[in-house]
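The values are calculated or read from the model by the stated rules, or taken from the named source; none is laboratory data. It should be emphasised that the depicted structure is a prediction, and the values quoted were computed from it without experimental measurement. We place every Cβ from the backbone using ideal geometry, glycine too, and count neighbours over all the protein chains shown. The accessibility values were calculated without ligands, DNA or RNA, using every heavy atom of the protein model including side chains. Shrake-Rupley method; radii C 1.70, N 1.55, O 1.52, S 1.80 Å.
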Amino acid sequence: MVAAAPLSHPHSPSATPAVDTHCVLGDADLTRLLGDDAPHGDLTTAALGIGQKPGRLSCRARQPMTLCGVEEAVRLLTLAGCAARPLAASGEALAADAPILEAQGSAAALHRAWKSAQVLLEWSSGLASAAAELVAAAAPLPVACTRKTPPGSKALAVKAMRCGGAVMHRLGLSESLLLFAEHRRFLAEPPAATVARLHDALPEHKLAVEVHSAEEALVWARAGAEILQLEKFSPAAVTACRDLLASHELRPILAAAGGIHPGNAAAYAASGGLRRQRRPPAGLLLALQRPAPGCGGEPGSSLSPSPLGAVSSWQHRYVVN
């Protein structure tokens, strides 16, 4: 969510964050996803009486993307009773039409899991791709991302941010000091006294203070805050704040937050810091088909891909935007 540079000198590029290529969702979480979408299997598959027919699922990138969530999708398909394997790893930059995973199993197992696996891949890869885009635009400053994720999605969201080359601003309320105006409304003491109390209570922690103006930033920098989170400052306002602090020989870390996107990231990078915006899910191409003769399973005809959105016999091709 927030990336920052010291006032005194340009920030040198940080080491690329390690990418999680293991499954960060446990079997209980993935089983819950399956149970939420198909607690009793796919009704349409059951009504058609095709549940025992063998099938094959392939997943490819619809557009260039930074991949995330393939390990979780493969495990989810496996839990549904499919034999699945990844063809790429989380963190990889994929070209359009690059293979992601493949699975085979009964029609019942495939139809139970493929939509949940697709949504999981789209959502996490969309976040990873957005992070990668912003990281590229903000270079050489690091980009740190918000913890404000939908309930229950933090583990996968953190993985997605790291796959995109970003780091986390904070993982929760319990491990870092960030003083908001809402905290300060309960205080009746000078800023320097607040900073001193927090430093005494937690001497190994740096203190970040959210501010809404350059004047407020000056007050808290003088009080001893190590980090100033500049809430919804324009690039010009960040620069003005840096200049004001420099004129008083104050050198906190400045972290700009709010309204930052790849189109203005370079301007923020030049003035102090960045924040990630959300992006629509990444698009995937999924093909679900019945094996051709000689491939094992029920006899059937080999079919060329149907027009997008159409169905021809048992072969489907879907484009997900």
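Taking residues in the stretch 222-234 that are free of Cβ contacts under 8 Å to residues at least 40 places away in the same chain and farther than 12 Å from Ala257 by Cα, and partners anywhere that are part of a helix (DSSP H, G or I) and of a type in the set (A, V, I, L, M, F, W, C), the pairs with Cβ atoms closer than 8 Å and at least 6 places apart or on different chains are Arg222/Ala192; Ala223/Ala192; Ala223/Val195; Gly224/Ala192; Gly224/Val195; Gly224/Ala196. Just checking, which of Arg197, Arg185 is surrounded by fewer than 20 Cβ atoms within 10 Å (Cβ to Cβ), over 30 Å from Arg32 (Cα atoms) and touching an Asp or Glu at 6+ places or on another chain (Cβ under 9 Å)? That would be Arg197, the only listed residue that is surrounded by fewer than 20 Cβ atoms within 10 Å (Cβ to Cβ), over 30 Å from Arg32 (Cα atoms) and touching an Asp or Glu at 6+ places or on another chain (Cβ under 9 Å). For the stretch 1-24, taking the residues that are buried (at least 16 other Cβ atoms within 10 Å of the Cβ), modelled with pLDDT under 50 and assigned to a loop (DSSP other than H, G, I, E, B), the one that is farthest from the chain's Cα centre (by Cα) is identified as Leu7.
Scanning the stretch 25-75 for residues that are out of contact with any Gly (no Cβ under 9 Å at 6 or more places or on another chain), among the β-branched types (Val, Ile, Thr) and crowded, with 18+ Cβ neighbours inside 10 Å gives Ile50, Val70, Val74. Residues of the stretch 122-157 that are within 25 Å of Leu178 (Cα to Cα), in a helix (DSSP H, G or I) and either touching a Leu at 6+ places or on another chain (Cβ under 7 Å) or of a type in the set (Phe, Trp, Tyr) (or both): Leu134, Ala138, Ala155, Leu156, Ala157. If you go through the stretch 192-212 and keep only what is more than 12 Å from Leu178 (Cα to Cα), touching a Leu at 6+ places or on another chain (Cβ under 9 Å) and not in a helix (DSSP H, G or I), you end up with Leu202, His212. Just one of (1) part of a loop (DSSP other than H, G, I, E, B); (2) in contact (Cβ under 8 Å) with a residue 12 or more places away in the chain; (3) in contact with a helix residue (DSSP H, G or I) (Cβ under 8 Å, 6 or more places away or on another chain) fails for Leu187. It is (2). The set of residues from the stretch 240-252 being without any contact (Cβ under 8 Å) to a residue 60 or more places away in the chain and either under 15 Å from Arg222 (Cα atoms) or open to solvent by 60 Å² or more (accessible area, probe 1.4 Å) (or both) comprises Cys241, Asp243, Leu244, Ser247, His248, Glu249. For the stretch 76-102, a residue qualifies if it is part of a loop (DSSP other than H, G, I, E, B), surrounded by 23 or more Cβ atoms within 10 Å (Cβ to Cβ) and not hydroxyl-bearing (Ser, Thr, Tyr), and the qualifying residues are Ala80, Cys82, Gly91.
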